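Notes to accompany the following structure.
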Amino acid sequence: MPQAATAVSTTTTINVRVDETVKRNVEVLFDSMGMNISTAVNMFLKQCLMEEALPFQPKVKRNASLEKALSEARSQAKQNGVSDMSLDEINSIITEGRSEKRGH
């Protein structure tokens with residue numbers, strides 16, 4: 001009688017450097033869900049393959065000083081009757097804002 005073919009599972013190791021505190025915290029989190037980091041990473045990677053993309057949208061939080069600089073740039077452009085500012089002008093205002101924040 002022929003034997004059924006058995007799927008051979010091969011694995012590999014991925015070494016990833018993470019902040020020690022992050023690692024400890026996710027170990028506790030994943031443990032509370034009944035899994036370890038390896039299982040969670042495998043879930044993440046498989047989800048990436050299924051969606052053919054990251055399974056979440058990366059976002060960057062804007063900080064207050066950047067928001068202030070952008071607001072000042074818009075106000076200055078409006079006051080000067082300029083609908084568009086050059087990148088150099090915008091960078092100059094941002095640099096000014098950063099200098100003021102540092103007390104220079």
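The values are calculated or read from the model by the stated rules, or taken from the named source; none is laboratory data. In this text, all values refer to a predicted model and were calculated from it rather than measured experimentally. Cβ: placed from backbone, ideal geometry, glycine included. Neighbour counts: every protein chain shown. In case anyone asks, the SASA skips ligands and DNA or RNA and just uses the protein heavy atoms, side chains included. Shrake-Rupley method; radii C 1.70, N 1.55, O 1.52, S 1.80 Å.
Summary table
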{"read-out": "Any hit, the range 1-16, residues being touching a helix residue (DSSP H, G or I) at 6+ places or on another chain (Cβ under 7 Å) and not acidic (D, E)", "value": "no"}
{"read-out": "Flag for E72 being among the acidic types (D, E) and open to solvent by less than 100 Å² (accessible area, probe 1.4 Å)", "value": "yes"}
{"read-out": "Residue in the range 33-52 that is touching a Gly at 6+ places or on another chain (Cβ under 8 Å), on the phi < 0 side of the Ramachandran plot and not in a loop (DSSP other than H, G, I, E, B) present", "value": "no"}
